[in-house]
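What follows is a single structure, written as structure tokens, with notes after it.
A short reminder: the numbers here are calculations on the coordinates, not readings from a lab. Only a predicted model underlies this, so the values are computations on that prediction, with no experimental measurement involved. Reconstructed Cβ throughout: ideal geometry from the backbone, glycine too, with neighbour counts over all protein chains shown.
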Ligand code: HEM
Ligand SMILES: [Cu+2]
């Protein structure tokens, strides 16, 4: 890499995307992907909080074997609403709509996403879906489980199924539009020199995620629409009274919802690839394998939905095929894990907060993935299906994996997003609290489930109490661990140390512009002459992101003039 | 930095019109892929139940109006032709041609919707609207000639699939008509020419797509059991 030249910074460089314009209107009508990312950040945090409250209610109820805190009907609603909010309104948009929105254009050297107006529209659609869902919760709630299985949802449930379904239907379009925007942006807007194999792995992961979003989400949309009509007008595709098949609903639902679990975890894997390489200060081991394994997961993820129907009247032969394919889909995930660990080998590792989250991800995701293989084995699944073993499995992946990756990424890019550093000490402390609290919450659930504790009941046989007490204790620790970052991140926006352009001294494009970046990201179009994760000798790295002494002005320094 | 004066239609975040056009076109293709998946769910349900209840589906299908369906197919194919001509006129800068072809396409689209409305009305008169879609007017298959082995409730299933698929298709037609009206308005004001015509092109893509959906719907829904009826 050639040492770039520094030059006089125009006064305009003082202006960044946050202070470029003021007033509510400048935010609500913004077309800047970075501002939209912040709008999303605020809204998903809100939904995460609501989902978290429901989780606390579940754990409180399960402290004792008797159903004493919530009635069974209320309990059904509480776990349903926990699931709906966490899956559709937090995890699915979490990384793509915030970090992805912020970083995809910056990492490829573009000024914005290809369709800024559609990007803003996607946020409004998300909000509309969210408002309708909240209405469903306030009006009386839903009790079908986040899976909405027919015929209970179509015929028997006395709750606000249609409103909740409508909310999910609508918010689905926001994820379709986000995926569409990413795909087009990555194809058409890469800066000169930014070839496909120079793309950061975060981008590959988002590309793969977008594929799943555009291919899967329309299917859940039509499924929910048919479900709503069926409930509303007693027309039937899932209704046995006219010859329909309720299991068709399960097929359609999981055709989306299994790939959707990869919508949640793939972006997180992208974040972890960045963190592992950058905090080991080493090129990632097996770049192409990691990149293509994302695509492989996206493609094969569509072929395994039947592992959710092993005990739902699916033929044994179909079961065997789905079981085999589920084992196959674990291979690309394993490839990633092995490449990450190989990257760590002989790296100069620093244990900053983001890296702690990344290391946590690797361990917890591995446990989640391995137990997925248990579940994918036909005979074992018959035993543990619909028990707490399944609950523990997917929480290891969705919380231990997806959420930890999100938090790691949020800390890592926080200086870029907010222009401020978060307090490192508190960061490391809360990462540890989250890790401990998480394991205490969900490890006992594997045991309880394996011993036969079913999921989705408010009461349980007394011999399971010890596991549930451990789990509830863990949940409160986890809750505290998640509140700490919320507090200090908000605090740091005002009082944190000012961040340099490149606080971690890294080669990625997003670090070669000011923190926070100007509205157009780069004052001049960057020209990429280096590979991803190419760590330059220290003296050259020094130059990058360092500007005139004594000022906090930062501006991009490489590009074609 | 600034090169030649940029075209007024060039948005600030694109380098040039070529890039903007590529993005717009790819965006529409990606969107159409999502549409295929969306309709795919219904095609799946259709395939499943048609295999399960062939006689009922054939009986119900035979009751649809073949002449109206055929005319509508012709109307849509013709509208795709005029749409293609509109795109061509935009690319070659023929303003009058653009306006005429877009107007014709719009007209044909509206004709399709009108004929569809007549068909829907016939089904209403025959009590063939499934479930409680029309409150107080339950489905009644007694007017449908049942082939041997056909069960009435499965005839109702066919009609729900028919209404779901053609209804969703009609919704897409209505959106298309709206889209083309906007394009027609700007075309009349001379916005599109050889340099900049991407909106016309991608609206054309959308229009052709909606046509193709119908090209699949027509044989699947209208023609599937004609040979069984004597
Ligand atoms: C990578 C991210 C993954 C996520 C986010 C995830 C998430 C989930 C979720 C949410 C469920 C439960 C759904 C419900 O019944 O409510 C589930 C169940 C299941 N998962 Fe995973 N999973 C992941 C990976 C895997 C892998 C790699 C496998 C197998 C190779 C797997 C196999 C299964 C099986 C077989 C079930 C069904 C268990 C049952 O209901 O009996 N999962 N997973
Ligand atoms: Cu699955």
Angle, helix A:33-61 long axis vs. longest principal axis of chain A, Cα atoms, 0 to 90°, nearest 10? 40
What's the long-distance tail for the stretch A:315-419, i.e. % of Cα pairs beyond 22 Å? 43
Between residue B:113 and residue B:145, what's the calculated FRET efficiency when r is the beta-carbon distance and R0 is 35 Å? Round to 0.05. 0.75
Give me the number: length gained by fully extending residue A:73 to residue A:156, i.e. 0.36 nm times residue separation minus the C-alpha to C-alpha distance, one decimal in nm. 28.5 nm
Going by alpha carbons, how many degrees (0 to 90, nearest 10) lie between the helix axis of A:388-397 and the longest principal axis of chain A? 10
If packing is taken as the average number of other Cβ atoms within 10 Å across a peptide's residues, how do A:205-216, A:48-59 rank, most packed first? A:205-216, A:48-59
Using a simple spin-label model with points 7 Å from Cα along the Cα→Cβ vector, what separation in nm is obtained for residue A:53 and residue A:436? 2.9
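Let me confirm one metric for peptide A:211-224, namely the mean number of other chain beta-carbon atoms within 10 Å of its residues' beta-carbons.
4
Within 10 Å of each Cβ of A:108-115, how many other protein chain Cβ atoms are there on average? List each step's numbers first, then the result.
On the way: counts 0, 0, 4, 5, 4, 2, 10, 5.
Across the residues of A:108-115, the mean count of other-chain Cβ atoms within 10 Å is 4.
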Largest to smallest principal axis extent of the C-alpha atoms in the stretch A:182-318, angstrom: 62, 34, 22
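Work out how much length residue A:490 to residue A:295 would gain on full extension: take 0.36 nm times their residue separation and subtract the Cα-Cα distance, in nm to one decimal.
Difference between extended and current length: 66.6 nm.
Please quote Rg/Rh for the stretch B:144-211 to two decimal places, taking the Kirkwood radius as Rh and restricting both calculations to Cα atoms. Each step should come with its number before you reach the end.
Details: Rg = 19.8 Å, Rh = 14.9 Å.
Here Rg/Rh amounts to 1.33.
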Mind sorting B:95, B:189, A:498, A:190 by how few other Cβ atoms lie within 10 Å of their own Cβ, fewest first? B:189, A:498, B:95, A:190
What are the extents of the Cα atoms of the protein assembly as shown along their three principal axes, listed from largest to smallest and rounded to whole Å? 90, 80, 45
Hey, got the Cα dimensions of the stretch A:99-190 along the principal axes, in Å, largest first? 52, 22, 17
I need to check one value: relative contact order of the stretch A:341-458, counting alpha carbon pairs closer than 8 Å and at least 6 residues apart, in percent. 40
Tell me the mean residue ellipticity at 222 nm calculated for chain A from its helices only (DSSP H runs of n ≥ 4, each -39500 (n - 2.57), averaged over every residue, nearest 500). -21000 deg cm²/dmol
Using Cα pairs under 8 angstrom and six or more residues apart, how large is the relative contact order of chain B, in percent? 34
Calculated P(r) tail over 20 Å for the stretch B:71-230, as whole % of Cα pairs: 56
At 0.36 nm per residue, minus the direct Cα-Cα distance, what do residue B:95 and residue B:122 gain on full extension? Give it in nm, one decimal, please. 5.6 nm
Helix axis angle, A:316-344 relative to chain A longest principal axis, alpha carbon, degrees: 30
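One-quarter of the Cα convex hull surface for the stretch B:48-134, in nm²?
Mean orientational projected area (the stretch B:48-134, Cα hull): 7.8 nm².
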With contacts defined as alpha carbon pairs under 8 Å and 6 or more residues apart, what's the relative contact order of chain A in percent? 19
Could you tell me the calculated FRET efficiency between residue A:374 and residue A:29, based on Cβ-Cβ distance and R0 = 56 angstrom, to the nearest 0.05? 0.65
Per-pair calculated FRET efficiency, R0 = 60 Å: residue A:457 and residue B:25 via Cβ, rounded to 0.05: 0.70
Highest-first arrangement of A:78-86, A:243-251, B:126-134, B:111-119, where packing means the average Cβ count within 10 Å: A:78-86, A:243-251, B:126-134, B:111-119
Given labels modelled 7 Å from the Cα in the Cβ direction, how far is it in nm from residue A:383 to residue A:529? 6.2
Put a dot 7 Å past each Cα toward the Cβ at residue A:465 and residue A:317; how far apart are the dots in nm? 5.1
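Order of A:227, A:121 from fewest to most other C-beta atoms within 10 Å? Intermediate values should be presented prior to the final figure.
On the way: A:227 25, A:121 15.
Fewest to most other Cβ atoms nearby, the residues stand as A:121, A:227.
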Sequence ranges A:100-112, A:449-461, A:315-327, ranked by mean other-Cβ count within 10 angstrom, highest first: A:100-112, A:449-461, A:315-327
Once you average over the residues of B:32-41, how many Cβ atoms of partner chains fall within 10 Å of each Cβ? 6
